[in-house]
Amino acid sequence: MDAADKERKRLWKDQKRAVARGAFPLSDDLLQSLFETVAGAVAEHGCDHTRRYTEQWLLSHPESREVVIRWLEEHGGFCDCEVDANAADHWEQNR
């Protein structure tokens, strides 16, 4: 791969990240709070294969609930451990 190919690849990745960031349902600060809360709860109590801890966090942000749930599902967050692993990873890679 020559330098021009590398530059095209870098630009393509930057563009993909920008699109992903534009689709984030909340600010970085709020997403960080969500993922930290869920990760802590899963580490302490385990995952019961629901989004119980995610839903508890969303009680303080009810106006965003539906859009957040839809985004989490699009990124593999169907239960709290998947929110912690899959959706948080997508956010981390693109923020």
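Nothing in this text is a laboratory measurement; each read-out follows from the coordinates by a stated rule. Here the structure is a predicted model, which means the values were calculated and not measured. Cβ placement follows ideal geometry from the backbone for every residue including glycine, while neighbour counts extend to all protein chains displayed.
Of note:
- A single entry from ARG52, ARG95, ARG65 fulfils the requirement of being surrounded by fewer than 18 Cβ atoms within 10 Å (Cβ to Cβ), free of Cβ contacts under 8 Å to residues at least 24 places away in the same chain and on the phi < 0 side of the Ramachandran plot: ARG65.
- Residue within the range 36-43 that is surrounded by 13 or more Cβ atoms within 10 Å (Cβ to Cβ), of a type in the set (D, E, K, R) and under 14 Å from the mean Cα position of the chain (by Cα) present: yes
- Subset of the range 70-81 [within 14 Å of ALA23 (Cβ to Cβ) and either part of a helix (DSSP H, G or I) or touching a residue at least 60 places away in the same chain (Cβ under 8 Å) (or both)]: ARG70, TRP71, LEU72, GLU73, GLU74
- Filtered by the rule that a residue be without any contact (Cβ under 8 Å) to a residue 40 or more places away in the chain, in contact with a Phe, Trp or Tyr (Cβ under 9 Å, 6 or more places away or on another chain) and on the phi < 0 side of the Ramachandran plot, the range 35-49 gives THR37, GLY40, ALA41, HIS45, CYS47.
- Inspection of the range 82-92 finds no residue satisfying the criterion of being in contact (Cβ under 8 Å) with a residue 12 or more places away in the chain, assigned to a helix (DSSP H, G or I) and more than 12 Å from the chain's Cα centre (by Cα).
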